[in-house]
Amino acid sequence: MTQTTALAQTGRPVVLVFSRAYIADEFRENVTPLADEYDFRFLCDGRKPGTEDTRARFYHYWKAGGKFTGLSDREIDDCIYRCRLLRNLPREKAERMLHAMAHTLHEYMEDNRPDLVLSHLVDEYITHLISIFAARRGILYIAYVFSYFSGYVQVLEGSYGAPFKYRTPSDEEVTAICDKYSVGDFRQDYAQRPKGTWFRQFKSVLRYNAKLAYFRLKRIIENDPLNMHYMITPYVAEHRRMSDLPAKNSFDIDWRAKLAARKQEGQTVLFMPLGYFPESAIDYWVRDTSIIEYEQKTIEIASSLAQSYCVAVKEHPHMVGSRNPEFYQRLKRTDNVVMIPPEEHGTNLIMQTDATLVGAGSAGVEAGLRNKPVFTYCDTSYWFEGSRSVFLPLSQTSQWPALIDNALPELERTDPQAPSVLASECLQSTARQKPAKGRWPVCDPADLRNLLDAGLARSRSRHDSGAAKPFTSSSSVV
């Protein structure tokens, strides 16, 4: 069956809509206004009445134990190491789960022959596999999520965070973004309250342990012992212990005076905000997987930079209480590193320092919109192309000071048009958000239609150009 047969059979393009079970209703709500124009096929990875799920096929192949031979060793390693669940399991179990799900998803896609995939960010092995299988078929995997810009939905393609640019924003949109986000100390907190007090830590620890107990019970009740969403809780950013709440001396209370003294001495001061980890922006968007050993790699980076610069390190406000406090102490003991209290606004630090070093985090767009120099080790983020930022390879951290010295003079030459250029570039990969109450955004139907049509056009172009690479051998299980 060719790629065009599914369209011929239904009269409408077939769009596979995949989500986790608990947000399946929001995904269905998002596409319902366009149900007469596209053939939406809904799939989730857990129990959701009224929506087909992966469980029956998955457990069939789990019990059979056969390997899915359509994946290369490199793809298997990448799927396991980037997934915060599988990389924490015994290798034999991780591979068996991966192969069982690969059989399941490949079989489903063979049955449904989608022309496009619409899902959430690739951030674990199931969505990673779907994105791989979509690429093999020459079709796009399009993900959508809440945008940094309020009132918008961020749209990405593939496994590794590349923005899907499909529209041209209006001048009015660009001006509104610049007016709102390029001045002042705006902080996008995604409606999450910063942690950091004993009482909030205590409540979060109780909540974490309640979630563990609840998910253990659901795995039993639903006869779903390998459910990814229920198993992954111990390996996400959570407040697990009261002892993870850092003491006040983990940070420099007199940080302003320290930065002022370094500047007076003529030192360049770099702002290095810490990232939320684990999350897709680190696990998947950064090509060099050495960043997955996040704390060790961060200390390596800080130590290298501190030989030449003063490095102002600030914790992500929503990570306070989720890391081992010894991490902060190791950073603080590094000469020329100043630990900024996490409650300080990152935008203020951007303006008070000479340049910002970030992975895929929002500090990159915040600095770019303020015409400040940006260095990054992630070249796939939605703001990278328009921000004038300079890429620093993680495999060469010892050479970063020389790379920064070479690039900084040019970056310090501000361009009055740079914020508008960046805002326009960022908005090209967004959809306007429709007001809705839920855990996942709902796109404006007109933008969603344009998005799907652009994705289908690009999928057809890829398929017609021979980009599809069918599996030569899909299964070792009958």
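The values are calculated or read from the model by the stated rules, or taken from the named source; none is laboratory data. What you see is a predicted model, and the numbers here were worked out from it, not measured in a lab. Cβ placement follows ideal geometry from the backbone for every residue including glycine, while neighbour counts extend to all protein chains displayed. For accessibility, only protein heavy atoms count, side chains too; no ligands or nucleic acids. Shrake-Rupley method; radii C 1.70, N 1.55, O 1.52, S 1.80 Å.
Which one of these does Asn88 not meet: (1) of a type outside the set (Phe, Trp, Tyr); (2) open to solvent by less than 40 Å² (accessible area, probe 1.4 Å); (3) closer than 22 Å to Glu279 by Cβ?
(2)
Within segment 229-263, which residues are among the hydrophobic types (A, V, I, L, M, F, W, C) and either in contact (Cβ under 8 Å) with a residue 60 or more places away in the chain or part of a loop (DSSP other than H, G, I, E, B) (or both)?
Met231, Ile232, Val236, Ala237, Leu245, Ala247, Phe251, Ile253, Trp255, Leu259
Of (1) touching a helix residue (DSSP H, G or I) at 6+ places or on another chain (Cβ under 9 Å); (2) open to solvent by 30 Å² or more (accessible area, probe 1.4 Å), Ala355 satisfies all except one. Which?
(2)
Looking at (1) under 25 Å from Lys180 (Cβ atoms); (2) open to solvent by 10 Å² or more (accessible area, probe 1.4 Å); (3) small (Gly, Ala, Ser), find the lone condition where Ser322 falls short.
The number of the failed condition is (1).
Evaluate segment 143-162: report whether one residue or more is buried (at least 23 other Cβ atoms within 10 Å of the Cβ), touching a residue at least 12 places away in the same chain (Cβ under 8 Å), outside any strand (DSSP E or B) and more than 12 Å from the chain's Cα centre (by Cα).
The answer is no, given that none of the residues of segment 143-162 is buried (at least 23 other Cβ atoms within 10 Å of the Cβ), touching a residue at least 12 places away in the same chain (Cβ under 8 Å), outside any strand (DSSP E or B) and more than 12 Å from the chain's Cα centre (by Cα).
Looking only at residues in segment 264-305 that are without any contact (Cβ under 8 Å) to a residue 12 or more places away in the chain and in a helix (DSSP H, G or I), which one is least open to solvent (accessible area, probe 1.4 Å)?
Step by step, filter segment 264-305, then rank; the result is Gln296.
Kindly indicate whether Val421 is open to solvent by 60 Å² or more (accessible area, probe 1.4 Å), closer than 28 Å to Asp179 by Cα, modelled with pLDDT of 95 or more and not charged (D, E, K, R).
yes
Does segment 4-16 include one or more residues that are modelled with pLDDT of 95 or more, part of a helix (DSSP H, G or I) and under 22 Å from the mean Cα position of the chain (by Cα)?
Within segment 4-16, none of the residues are modelled with pLDDT of 95 or more, part of a helix (DSSP H, G or I) and under 22 Å from the mean Cα position of the chain (by Cα).
How many residues, within segment 366-381, are over 14 Å from Tyr181 (Cα atoms) and open to solvent by less than 20 Å² (accessible area, probe 1.4 Å)?
Matching residues across segment 366-381 total 7.
Mind checking which residues of segment 121-136 are of a type outside the set (Gly, Ala, Ser) and out of contact with any helix residue (DSSP H, G or I) (no Cβ under 7 Å at 6 or more places or on another chain)?
Correct list: Thr127, Arg136.
Hey, among the residues in segment 79-105 that are touching a residue at least 60 places away in the same chain (Cβ under 8 Å) and part of a helix (DSSP H, G or I), which one's farthest from Thr289 (Cα to Cα)?
Pass one, segment 79-105, residues touching a residue at least 60 places away in the same chain (Cβ under 8 Å): 81-85, 87-88, 97, 103.
The next check asks that each one be part of a helix (DSSP H, G or I); those that pass are 81-82, 87-88, 97, 103.
On the way: Tyr81: 8, Arg82: 7, Arg87: 12, Asn88: 15, Met97: 21, His103: 26 Å.
Looking at the filtered set, the residue picked out is His103.
Give the number of residues within segment 34-52 that are open to solvent by 20 Å² or more (accessible area, probe 1.4 Å), not charged (D, E, K, R) and not in a loop (DSSP other than H, G, I, E, B).
Residues flagged as open to solvent by 20 Å² or more (accessible area, probe 1.4 Å), not charged (D, E, K, R) and not in a loop (DSSP other than H, G, I, E, B) within segment 34-52 amount to 2.
Just to verify a result, which residue in segment 424-451, among those that are at pLDDT 95 or above and of a type in the set (D, E, K, R), is most open to solvent (accessible area, probe 1.4 Å)?
Ranking the candidates gives Arg432 first.
More than 19 Å from the chain's Cα centre (by Cα), surrounded by 19 or more Cβ atoms within 10 Å (Cβ to Cβ), more than 22 Å from Gly266 (Cβ to Cβ) and of a type in the set (A, V, I, L, M), is that true of Leu349?
no
When you look at Pro342, is it more than 20 Å from the chain's Cα centre (by Cα), part of a loop (DSSP other than H, G, I, E, B) and closer than 19 Å to Phe251 by Cα, yes or no?
yes
Given the conditions (1) charged (D, E, K, R); (2) under 30 Å from Ala100 (Cα atoms); (3) touching a residue at least 40 places away in the same chain (Cβ under 8 Å), which single one is not true for Arg219?
Result: Arg219 fails condition (3) only.
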